[in-house]
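I have placed the structure first, in the form of structure tokens, so that the comments after it can refer back to it.
The values are calculated or read from the model by the stated rules, or taken from the named source; none is laboratory data. All of these numbers come straight from a predicted model, not from anything done at the bench. Cβ atoms come from the backbone with ideal geometry, glycine included; neighbour counts cover every protein chain shown. Please note that ligands, DNA and RNA were not included when accessible areas were found on the heavy atoms of the full protein model with its side chains. Shrake-Rupley method; radii C 1.70, N 1.55, O 1.52, S 1.80 Å.
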Amino acid sequence: MKKLFLFAIFSMIALNTFAGGIKTSYRNALILAYSKENSIYEDDNIILEIYNEQLWATNKTKKTIFIDLAQCFAVHNGSSSPLFDPTEKKQGDNKASKKGFSTKDDEYITIAPAIGSNQNETFICNMSTRIYGNYTTSESPSGDFSEYDKRLLSTIESLLTESMAADPKGKNYLGTVVRHMGEEESINNIGASIAYAFNRKSEEWTNVSLTTWVSDVIFAPIYVEMPTDLKKKDKKGFGIKETSPAIIHVRANSPFEFDVDRSPVIVCDWEGKYKKGTFTLGSTWIAKTKGPSLWAVLGAVVTYGATLFFASYNETYYKKQVQFDGAQANWGKLTLVKNIKKTGQK
């Protein structure tokens, strides 16, 4: 009995020691959670849905649907703009002319007829690009303060003040802060207006719109758990060797029932300069930069010189998955990193 008691005490000490040894390199993020109910539009022919920072479309009919890009607009904070820039190369399977201007083939997105129950959605566009950028308390990115800008800056100030209060030294933003808001008090609004028809030469196009707003905003520490790269021996053979996604751990509770594959949540990297009254919201896309091998360096020197040498560097982008660990998650000792792209646990 005495030995059992001593073993239990030893186990508790060992567990506490292990837990106390966790060190987490973190960075801060502003998480924008949009209204789930308003992130989807559906009629008899088409479904539009915003999730994972992108706009997707699903064809419900047995006929091909054409989306006319010339009649499509993106909505951000009440203002609309063309969904696509005709001078830029389109994404997906669309082609651009050699001069960089769009051709007639680029003016439409086609959505295949519904075939079976496993048909994937069609990607339309990114919805987060208009959110990312530099913000300042003296001038917004657009040059003028909208009501959304004013509410955003006011919310940011209160979030940061409350977050820093959790640091005994009053230097870093360690606390998790959450705000729930309705449509009239929201700090951000995104959406799109789409025109579709069953014939690209049609004179009658159906216009539909989708807009959603931030219902919950979270300011919290995050860290990235990078996937383990497959080794050469693991790649042998023809079986499936699937790499796990990079996981963005958020020290907060999920604002609603969370679907990792179809979530209307945008996690923005946050960097701020208090003395200048500026901050930056950036993408949390995860990438690894790999340097050139010795043979690549030698080849660059012998043949093409520095150009090939620098081209030998490449980035591998990973699928990301957001995971809410909870506001009281034990991440051990938190250390703010200078390079926001290098974070994790030890």
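In table form, for the structure just shown:
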item	result
Any pair with Cβ under 8 angstrom, 6 or more apart, that starts in the stretch 115-126 at a residue that is assigned to a loop (DSSP other than H, G, I, E, B) and ends at one that is exposed (fewer than 14 other Cβ atoms within 10 Å of the Cβ)	Gln119/Ala112
Where Tyr173 falls short, out of the listed (1) aromatic (Phe, Trp, Tyr); (2) modelled with pLDDT under 90; (3) in contact with a Ser or Thr (Cβ under 6 Å, 6 or more places away or on another chain)	(2)
Residues satisfying the stated conditions in the stretch 143-183, i.e. outside any helix (DSSP H, G or I), touching a residue at least 24 places away in the same chain (Cβ under 8 Å) and open to solvent by 70 Å² or more (accessible area, probe 1.4 Å)	Val178, His180
The one condition in (1) surrounded by fewer than 16 Cβ atoms within 10 Å (Cβ to Cβ); (2) more than 26 Å from Ile194 (Cα to Cα); (3) at pLDDT below 95 that Tyr135 fails to fulfil	(1)
Residue that is open to solvent by 70 Å² or more (accessible area, probe 1.4 Å) and modelled with pLDDT under 65, where the choices are Lys290, Lys319, Lys273	Lys290
All positions within the stretch 49-80 that are among the hydroxyl-bearing types (Ser, Thr, Tyr) and either touching a Gly at 6+ places or on another chain (Cβ under 9 Å) or assigned to a strand (DSSP E or B) (or both)	Tyr51, Thr58, Ser79, Ser80
In the stretch 30-48, the residues that are part of a loop (DSSP other than H, G, I, E, B) and touching a residue at least 24 places away in the same chain (Cβ under 8 Å)	Ser35, Lys36, Asn38, Ser39, Asp43, Asn45
Inter-residue pairs, beta-carbon under 8 Å, first on the phi > 0 side of the Ramachandran plot and in the stretch 317-328, second of a type outside the set (Phe, Trp, Tyr), 6+ apart	Gly326/Arg251; Gly326/Ala252; Gly326/Asn253
Residues that are under 24 Å from Arg262 (Cα atoms), open to solvent by less than 40 Å² (accessible area, probe 1.4 Å) and charged (D, E, K, R), drawn from the stretch 29-86	Asp43, Glu49, Glu53
Residue in the stretch 191-208 that is under 26 Å from Trp331 (Cβ atoms), in contact (Cβ under 8 Å) with a residue 12 or more places away in the chain and within 22 Å of the chain's Cα centre (by Cα) present	no
Qualifying residues in the stretch 216-237 (those that are among the charged types (D, E, K, R) and surrounded by fewer than 12 Cβ atoms within 10 Å (Cβ to Cβ)) - the one modelled with the lowest pLDDT	Asp234
Residue within the stretch 109-116 that is touching a strand residue (DSSP E or B) at 6+ places or on another chain (Cβ under 9 Å) and surrounded by 19 or more Cβ atoms within 10 Å (Cβ to Cβ) present	yes
Checking Ile240 against (1) touching a strand residue (DSSP E or B) at 6+ places or on another chain (Cβ under 9 Å); (2) open to solvent by 80 Å² or more (accessible area, probe 1.4 Å), the condition it does not meet	(1)
Matching residues, the stretch 210-265, being farther than 24 Å from Ala327 by Cβ, touching a residue at least 12 places away in the same chain (Cβ under 8 Å) and not aliphatic (A, V, I, L, M)	Thr211, Thr212, Pro227, Thr228, Asp229, Thr243, Ser244
